[in-house]
1. For B:K85, tell me the accessible area in Å² from a 1.4 Å probe, rounded to the nearest 10.
2. When the accessible area of segment A:2-62 is split by element with a 1.4 Å probe, what percent falls to carbon and sulfur?
3. Between B:R6 and A:A14, what FRET efficiency comes out of the Förster formula 1/(1 + (r/R0)^6) with R0 = 56 Å and r the beta carbon distance, rounded to 0.05?
4. Using DSSP to call loops (not H, G, I, E or B), can you name the GluC sites (Glu not before Pro) in segment B:181-262 whose Cβ has at most 10 other Cβ atoms within 10 angstrom?
5. Enter the buried accessible area of the B/A pair, total of both sides, probe 1.4 Å, in Å² rounded to the nearest 100.
6. If you split all Cα-Cα distances of chain B into 10 Å bins from zero, what percentages do you get per bin, shortest first?
7. Counting only heavy atoms of protein chains, what accessible area per residue, in Å², does segment A:2-62 have with a probe of 1.4 Å?
8. For the protein assembly as shown, what are the per-bin percents of Cα-Cα distances with bins 10 Å wide, up to the bin holding the maximum?
Amino acid sequence: MRILLNGRPAEVEAVTLAEALARLGYDAGGAGVAVAVDGEVVPRGSWRSRALAGGERVEVLGATQGG
Amino acid sequence: MDDLLRIAGRALRSRLIMGTGGATSLDALERALVASGTELTTVALRRLDPGARGSVLDLLRRHGIAALPNTAGCFTARDAVLTAKLAREALGTDWIKLEVIGDDRTLLPDPVELREAAETLADDGFTVLAYTSDDPVLAGQLAAVGCAAVMPLGAPIGSGMGILNPYNLRLILDRATTPVILDAGVGTASDAALAMELGCDGVLLASAVTRAQEPALMAEAMRKAVEAGRLAHRAGRIPRRRYALASTPSEGAADLTGGTGA
């Protein structure tokens with residue numbers, strides 16, 4: 001299915017958010033990472049249960065230099 | 001004697017809070033942070049590429065510096081609240097440096113959105129350190145809605161113009177019910193010292209160090225300026241006066257008028 005990953009279209013075969021993140025190459029542990037789907041925070045503990053649908057906007061964020 | 005900065009139950013020995021923005025490399029940033037002696041340093045939350053490894057967080061962890069996530073780049077209360085929640089999720093801290101910007105060119109805060117976000121986040125259990133304008137009324141409101149620290153600007157972010165309105169800053173300090181941290185505008189060490197002499201509980205700065213020609217050297221200067229300013233504040237300065245007040249007593253001075261001549 002096609003999702004919007006950090007603002008760019010991405011093709012990924014996955015049922016859950018956790019699967020999608022792993023297939024896209026993100027660290028499975030996810031330390032220092034936060035995810036929002038369609039503007040809602042998905043806590044790390046729910047990545048495995050959150051079903052992903054085509055067209056959803058997935059934002060994967062981490063700490064960087066700033067402020 | 002211990003003179004700790006206490007915010008929401010956390011005690012910090014260093015009253016210098018650093019930012020990490022503007023550094024040319026992680027190496028330069030690391031040297032500057034170590035030289036600054038800081039124990040609390042801001043980070044931003046941005047989109048992460050797959051496979052990204054080695055971040056500013058590793059650097060902070062190596063030196064035992066706590067990360068203070070910010071909401072830089074947010075223009076609405078809604079975005080700032082969501083960013084704070086993502087930061088809590090990513091970093092495992094409920095501390096947030098709340099920024100809600102109202103204008104692209106000056107990066108001045110949007111007072112209405114800021115207040116709304118501060119109240120929402122404080123109610124949600126966040127420890128909110130609010131970046132604000134130097135408006136004493138707004139500063140009081142931010143404390144009243146539950147902010148753990150109020151952080152008025154000295155001048156716009158990155159401008160290096162110092163403390164443009166020390167009078168307002170004094171009013172904020174006079175009425176403060178939370179720690180007051182001067183945030184933004186510091187250009188050089190004397191600006192940081194002045195903030196502390198006026199009675200600020202701490203100083204938050206980034207550009208003045210990260211964009212200095214020698215960041216680590218400026219970081220050391222800032223550490224010493226904050227310490228010196230704090231000591232001077234506690235010591236109590238002498239009042240300003242228009243005429244001289246001799247420091248040497250006139251009593252006991254020798255009579256050295258010349259002889260009558262012979």
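1. Its heavy atoms expose roughly 80 Å² to the probe.
2. Summing carbon and sulfur atoms, their accessible area is 51 percent of the total for segment A:2-62.
3. Values: r = 47 Å, r/R0 = 0.83.
Efficiency computed from Cβ-Cβ geometry: 0.75.
4. Values: sites: B:E197, B:E220, B:E227, B:E251; in loops: B:E251.
Counting only loop positions with at most 10 other Cβ atoms within 10 Å, the GluC sites (Glu not before Pro) in segment B:181-262 are B:E251.
5. Numbers: alone 14210 and 4410 Å², together 16400 Å².
Counting both chains, the buried surface is close to 2200 Å².
6. For chain B, the pair-distance distribution reads 7, 29, 34, 16, 5, 4, 3, 2, 1, 0, 0.
7. Dividing the accessible area of segment A:2-62 by its residue count gives 50 Å².
8. P(r) over the protein assembly as shown, rounded to whole percents: 6, 24, 29, 19, 10, 5, 3, 2, 1, 1, 0, 0.
The values are calculated or read from the model by the stated rules, or taken from the named source; none is laboratory data. What you see is a predicted model, and the numbers here were worked out from it, not measured in a lab. In this analysis, Cβ positions are derived from the backbone assuming ideal geometry, glycine residues included, and neighbour counts consider all displayed protein chains. Only protein heavy atoms, including side chains, enter the accessible area calculation; ligands, DNA and RNA are left aside. Shrake-Rupley method; radii C 1.70, N 1.55, O 1.52, S 1.80 Å.
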